[in-house]
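Structure first, commentary second.
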Amino acid sequence: MTRAASHTIMLALMLAASAIVLQAQPAAAQDGKADDGAEVFKKCRACHDVGPGAKNKVGPLLNDIVGRPAGSIEGFNYSDANKAAGGTGLVWTDDVLFKYLENPLTFMQGTKMAFAGLKDEQDRRDVIAYLKTFTKK
């Protein structure tokens with residue numbers, strides 16, 4: 001087995017374990033305010049799009065992100081880390097998004113998302129509540 005393959009398998013196992021732990025925690029976005037999240041999301045708009053007519057940009061469109069498996073938007077060129085996470089069952093739940101958005105580079109080592117994260121817990125709750133307004137599920 002090559003070193004790269006070994007690293008990918010190790011990353012996939014770590015992400016799967018993280019998803020299990022995070023899904024067992026209480027819902028992170030229950031106290032979020034979508035209106036405030038719309039303001040926070042302005043930090044995300046350079047790379048991500050939501051709403052009617054949303055398209056992939058530098059990052060994938062975020063309609064229906066809540067409940068979607070990682071790395072699953074058709075036609076978007078995800079990092080190997082993101083594809084591996086989806087392949088091991090990582091789903092973007094409220095709780096997983098809450099942890100990911102705190103520091104994407106730490107949560108998913110190897111991600112292409114070059115964003116320092118949202119350190120404020122309420123900002124994360126609010127942006128998740130906002131994203132849920134674009135989720136049909």
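Things to note:
- Long-range HN-HN contacts of V91 with modeled amide H, under 5 Å: A70
- Summed residue charge, Cβ within 12 Å of K57's Cβ, Lys/Arg positive, Asp/Glu negative: +1
- Net +/- balance of residues flanking G110 in space, Cβ distance below 13 Å, scoring K and R +1, D and E -1: +1
- Hz values of 3J(HN,Hα) by residue in the range 107-113 - Karplus curve (6.51, -1.76, 1.60), Gly and Pro given as x: 4, 10, 4, x, 5, 8, 6
- Backbone phi angles across the range 93-106, fed through the Karplus curve with coefficients 6.51, -1.76 and 1.60 (θ = phi - 60°), yield HN-Hα couplings of 7, 3, 5, 5, 4, 4, 6, 4, 5, 5, 6, x, 5, 7 Hz in residue order; Gly and Pro are listed as x.
- Distances between placed amide hydrogens fall under 5 Å for T135 paired with D64, all partners being 5 or more residues away or on another chain.
- Under 5 Å, built H, 5+ apart or other chain: amide partners of S79: K112
- Cα→Cβ-extended label distance, 7 Å offset, between S72 and E121, nm: 2.9 nm
- Pairs of lysines in the range 83-137 (C-alpha under 26 Å apart; 8 or more residues apart or interchain): 13
Bear in mind that the values in this text are calculations on the coordinates, not laboratory data. Note that this is a predicted model, so its numbers are computed, not measured. With ideal geometry, Cβ positions are generated from the backbone for all residues, glycine too; neighbour counts draw on all protein chains shown.
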